[in-house]
1. Let me know the Rg and Dmax you get for the range 1-78 when you use only its Cα atoms, in Å.
2. Quick one: Debye curve from the alpha-carbon atoms of the range 132-245 only, equal weights, vacuum; give me log10 I(q)/I(0) at q = 0.09, 0.12, 0.14 Å⁻¹ to two decimals.
3. Taking θ = phi - 60°, what integer Hz values does the Karplus form 6.51 cos²θ - 1.76 cosθ + 1.60 yield along the range 38-53, in sequence order, with x for Gly and Pro?
4. Would you calculate a helix-derived [θ] at 222 nm for the chain, using -39,500 (n - 2.57) for each DSSP H run of n ≥ 4 and dividing by the full residue count, to the nearest 500?
5. In whole percent, what relative contact order does the chain give with Cα contacts below 8 Å and a gap of six or more residues?
6. What's the exposure ranking of 133, 227, going from fewest to most Cβ atoms within 10 Å?
7. Calculate the all-directions average of the projected area of the range 191-248's alpha-carbon convex hull, and give it in nm².
8. Translational diffusion coefficient of the chain at 25 °C, 0.890 mPa s, Stokes-Einstein with Kirkwood Rh over Cα pairs, in µm²/s as a whole number.
Amino acid sequence: MGIELLAILLFVSIFLLILYGYPVSFTLGGISILYAICFLDPSSFTALPPRIMGVMSNYVLLAVPLFIFMGIMLEKSGLAESLLETMAMLFGTLKGGLAISVVIVGALLAASTGIVGATVITMGLISLPTMLKRGYSPELATGTIAASGTLGQIIPPSVVLVLLGSVLQVSVGDLFRAALLPGLLLVAAYIIYIVVIAQINPTWAPAIPAEEIRKFRSDRFAQKVIKAFLLPLLLIISVLGSIFSGIASPTEAAGLGALGATILTIVQGRFKFETLRIVAQETTKLTSMVFIILVGATTFTYVFREMGGDRYLIELIENANLSPMIFLFLVMLVVFIAGFFIDFIEIIFIIVPVVAPIFIAFDMNLIWIGILLALNLQTSFLSPPFGFSLFYLKGVAPPSITTGHLYRGIIPFVLIQLVFLTLVIFFPELVFFLIN
């Protein structure tokens, strides 16, 4: 067996062991080192420590802990509650108005936090009991919340886009610009679906009683709207605006966002030193998880390429006469299926480094590829039976909500995302609209 085939065996071995349940970071690094000891020259090890330190000292990756801190701090600020309550009363007279509010709040939280798990859990705790109490169909309620919570995968600032930018070695700022329009169009697609389904089945998404809306609006309504929207919008504009205008890099903007989230929490009257301690601890845990996986992924990528795995794959695809679009379709299919079983971080660090050289060989735009991967990873978060957003939501849902409700509710949103992903593949201008 040639060493190139052993490189492919390395990839398959790691993938199977992770599916079996072994820790991702130690599997990636440990198995790669074992293969290197057995099949590579010992001198090849000398280049590995500098490679790891070069990745770990990447200035762009400093944005990861800062965006995580920003998201967790905003989760503690009470922002979601006030946003949802105010938005519900703005759209409450419409059939499906509460579900539309959930989508818009999910988009705003995505632009403020970029952390899927925190958004889904927060929205599930706040909005699901309210939607069920007001007579919403369990399927529509759970589907809307799960889909809205995953918008943080594509709407910048997104941790997913930061990691993809690092692996694909493209500008994170360009990825943020490229993702904005697709993210907003996806929000619009969700809202259109809710409006249509509410007209077809009015009992699935009833309007809020007019008397309740009048009562809410009679008590300092303008002040409530300003308080609910002004501070979050200022934070979003300051973070994204500073990146898009070129004033700040994504890392600097992440620092600004972390500070802004802390100030917003203070203004909301939710800040305590205990809150800061909890946020710092959770940020440290999540950041450590990401970076230890990154160490293992860097080791795997180095060994895989030293064994000639990337060259072998390129030759294999060239000999198979696959067109760039057919190869893209195969990669999207593999990522979509892998998303049923493993986390997005693992997909980014295992699959993307393997296929990136082939996309480069095909002369395909890596910004466009990054957005397609982000949209695909977002879809995999929702796909039954192992969509992580469904697990998050099930964990905080009332006992009356069954797994069947979650699966039936999410299927229309998965179909919407697959159709939208197809549109972005065939109309790349949706990605490049804000870059050119």
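Throughout, read-outs are computed from the coordinates displayed, never taken from laboratory work. These numbers come from a predicted model, not from an experiment. All Cβ positions, even for glycine, are placed from backbone atoms using ideal geometry, and neighbour counts span all protein chains on display.
1. Expressed in Å, the Cα Rg and Dmax of the range 1-78 come to 17.8, 59.
2. -0.39, -0.66, -0.84
3. 7, 10, 10, 5, x, 5, 5, 5, 5, 8, 6, x, x, 5, 5, 5
4. On the way: 21 runs with 335 residues, N = 436.
The helix-only estimate for the chain comes to -25500 deg cm²/dmol at 222 nm.
5. Values: 622 pairs, mean separation 123.1, N = 436.
So the answer I get is 28 percent.
6. Details: 133 8, 227 15.
Ordered by Cβ neighbours within 10 Å, fewest first: 133, 227.
7. Mean projected area for the range 191-248: 6.3 nm², to one decimal.
8. On the way: Rh = 22.6 Å.
Value of D from the Cα-based Kirkwood radius: 108 µm²/s.
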